[in-house]
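Beneath this line is the structure, given in structure tokens, with notes to follow.
The values are calculated or read from the model by the stated rules, or taken from the named source; none is laboratory data. Since this is a predicted model, take the numbers as computed values, not measurements. Note that we place each Cβ from the backbone using ideal geometry, even for glycine, and neighbour counts take in every protein chain shown. Calculation scope for accessible area: heavy atoms of the full protein, side chains included, ligands and nucleic acids excluded. Shrake-Rupley method; radii C 1.70, N 1.55, O 1.52, S 1.80 Å.
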Amino acid sequence: MKKMDNTAAGSWTPDDNPTPPTVKNSCHPNLKRFLASLSFAYFAKALSGSYMKSTITQLERRFDIPSYLIGIIDGSFEVGNLLVIAFVSYFGAKLHRPKIIAIGCVLMSFGTFLIAMPHFLIGRYKIETSVRWSVNSTNNLSPCPASSPESTRAGDSPSLLNSRGCERESSVSMWIYVLLGNILRGIGETPVQPLGISYIDDYAQTENAAFYIGCVQTISIIGPVFGYLLGSLCAKIYVDIGYVDLETLTITPGDARWVGAWWLGYLIAGTITLMSAVPFWFLPKSLPMPVDKHDSSCTPEQTRFIKDSPTMEHKFRPEELANLHQMAKEFVPTLKSLFGNPVYVTFLCVTIIQFNSLIGMVTYKPKYIEQHYGQSASKANFLMGMINIPAVALGMFSGGVVMKKYKLGIMGAAKFAFGTSLLGFFLSLFFFAMGCENSKVAGVTVSYTGVEGLSYQEQSLFSECNSGCLCSRRDWDPVCGENGITYVSPCLAGCSSSTGSGKYTVFENCSCVALPDTQQVNLTASLGQCPRSDSCDKVFPYFLALSVLSSFIISLGGTPGFMLLVRCIRPELKCFALGIHSLATRTFAGIPAPIYFGAVIDTTCLKWGNKMCGGRGACRIYNTSAYRTLYLGLTLGLRTASFFLCYPGFALLKRHIRMEEKNALTNGSAELESLRKEENSSKHCEQFIPASDCIPDRETRL
């Protein structure tokens with residue numbers, strides 16, 4: 001290729017910016033340091049992101065908020081990212097990229113610390129309980145205050161509410177700090193990927209760049225594993241560890257009121273993210289150019305741009321302000337050209353719908369395991385980190401291996417991605433058969449006589465057996481009767497006395513606890529909900545096995561699907577198309593999916609908790625059957641909608657391939673005809689002038 005004419009790039013000349021030195025085919029030491037630093041940054045951001053998802057139920061209970069608000073908090077990360085992604089992607093490439101990444105990591109760490117801050121501002125966590133710890137176990141409190149039936153039906157008496165010592169919280173809800181912290185995390189995460197990947201692509205040899213980027217992406221997959229494991233560890237530790245005598249606690253990690261040390265994980269994740277910023281401060285703005293990318297007439301950015309778009313007649317140097325107007329004028333035509341590609345538009349719609357299904361499902365999967373199968377938050381997070389995430393990583397890697405081994409083209413990649421998604425869909429249908437029945441809760445899911453199918457209303461909590469007690473319908477302090485039925489509180493179980501203290505308290509003479517078909521009444525009740533049925537425990541391992549298998553199969557199509565996106569557009573639009581794809585999936589899937597999934601889950605709540613000063617708190621028990629139907633139905637329904645778009649997508653892709661083949665044949669014939677004319681012309685020319693002056697610069701023209 002001839003030297004680029006200086007006028008094609010404005011007034012810039014090679015003397016204005018000395019050409020970077022070249023290096024031989026070896027990895028520069030600073031590039032190795034950058035690769036290690038970027039891998040650590042990827043690990044840190046993936047760890048903190050997955051830890052956020054692992055604390056969803058903890059945050060719900062600690063701040064007494066519904067699931068849809070948790071969805072808003074979770075989606076706020078994408079909001080922060082979208083606020084600055086355009087500015088960072090454009091201006092960041094002109095500045096010191098390693099230092100911009102370092103600033104981003106510092107912002108991420110500050111955002112993570114901000115999320116943990118409410119723990120140190122709102123005081124100790126207060127549990128809804130009617131049990132009071134006493135050193136002298138013989139000094140027992142009666143859970144059943146005497147009253148008339150009229151006062152019972154009246155609900156909560158003011159005296160009882162006042163005795164709780166209602167403390168007004170700050171006028172600003174504490175979860176706002178979590179929201180702002182997550183937005184700050186999103187802002188800080190923005191430069192890590194675009195600037196980090198472009199830095200590697202600029203200064204690594206062409207044949208090594210893809211391998212280096214693959215290594216960085218692989219390291220980022222390890223982050224979620226450790227994030228969920230950290231969530232599992234912190235969920236076991238009580239929220240106020242070090243300030244509360246654990247012997248006085250009346251709840252266990254499996255209780256719906258349990259809150260783990262959610263703040264501790266954010267402090268750990270924030271520290272790791274802050275550490276990841278340090279190496280970037282000591283890396284140079286640029287590195288020596290590899291030999292295969294060196295062109296004495298071009299800057300690194302120009303060299304890469306020309307390489308990707310050899311047909312473009314104008315080459316911009318990013319630092320040139322004179323060309324900004326020209327670039328802005330071409331933005332809208334380029335956008336129209338991109339969205340004029342029907343294959344790309346169809347693929348974009350399919351991925352947006354499927355990402356809605358994926359993000360909503362992943363966000364609330366630990367919560368589903370907790371509520372549906374009666375597992376603790378700690379165990380649910382552990383299973384996600386040790387089973388599901390590795391299966392997804394293995395699937396993505398295997399999909400890439402399959403593409404390379406069988407050399408799949410664009411149609412082969414599309415068929416493979418569609419086939420794996422469809423197979424995963426059919427496997428996921430079996431989740432509907434792996435359900436558990438609702439827990440037997442007197443006055444909520446069953447009557448006090450044990451009859452199932454009760455339509456819950458607040459008045460159904462009261463019965464003749466507890467009419468002699470002044471019980472609150474607001475409390476959630478479940479006890480398990482000897483008959484295997486859970487009661488909302490010891491008072492509503494009709495218990496008149498208790499023995500023991502703390503979590504070892506046993507309630508006696510419970511008038512509502514009776515064994516069916518026997519004369520045994522006034523039995524005992526222990527703290528906590530009754531365990532799930534044996535059939536539910538037996539089906540849970542099958543659920544895990546199917547979850548791993550379906551996750552692996554669906555993720556097999558991830559890499560081929562990405563390659564389909566890259567190959568269905570012109571080379572000069574590749575980067576722009578990827579940016580639009582990322583923007584669209586974040587805007588139309590990453591932000592709304594957690595919100596409306598949470599809102600749908602909220603509709604299945606049977607018994608809401610109550611805040612100390614009034615108002616609805618977090619949900620205490622869900623309608624398990626409705627939860628399963630809506631959660632799985634919404635997930636699979638979105639996938640079904642995406643499949644309907646795939647059929648016209650295949651037709652458009654076939655037409656696109658035929659057009660490309662036709663254009664290739666046409667261009668090939670035209671080029672061959674041109675070469676023949678040149679050859680005939682040169683033969684005629686050589687009769688009169690020397691051959692060296694007769695033939696044009698064919699190599700340059702080609």
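Data for the structure
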| item | result |
| --- | --- |
| Sites E661 and F339, calculated FRET efficiency, Cβ-Cβ separation with R0 25 Å, nearest 0.05 | 0.60 |
| Gain upon complete extension [D240, A36; 0.36 nm per residue less C-alpha separation] | 69.7 nm |
| Projected label distance in nm at L394 and R124, using a 7 Å step from Cα toward the beta-carbon | 4.7 |
| FRET efficiency for K654 and S173, using Cβ-Cβ distance with R0 set to 60 Å, rounded to 0.05 | 0.65 |
| Span from the the range 53-92 Cα centroid across to the the range 380-446 one, whole angstrom | 25 |
| Heavy-atom SASA rank of E437, E128, E661 (probe 1.4 Å, accessible area, largest first) | E437, E661, E128 |
| Full-extension gain in nm, T218 to A545, via 0.36 nm per residue minus C-alpha separation | 115.3 nm |
| Theoretical gain in end-to-end length, C349 to Y596 [0.36 nm per residue, Cα-Cα removed] | 87.1 nm |
| Fraction of accessible area attributable to carbon and sulfur, the range 363-470 (%, probe 1.4 Å) | 65 |
| Those residues of the range 609-640 whose amide nitrogen sits under 15 Å from the label point placed on F432, 7 Å along Cα→Cβ | 625-640 |
| Cross-link table K236/K503; K236/K611; K32/K404; K53/K538; K126/K503, entries beyond 19 Å C-alpha to C-alpha | K236/K611; K32/K404; K53/K538 |
| Label point distance in nm, K407-E572, each placed 7 Å from Cα along Cα→Cβ | 3.0 |
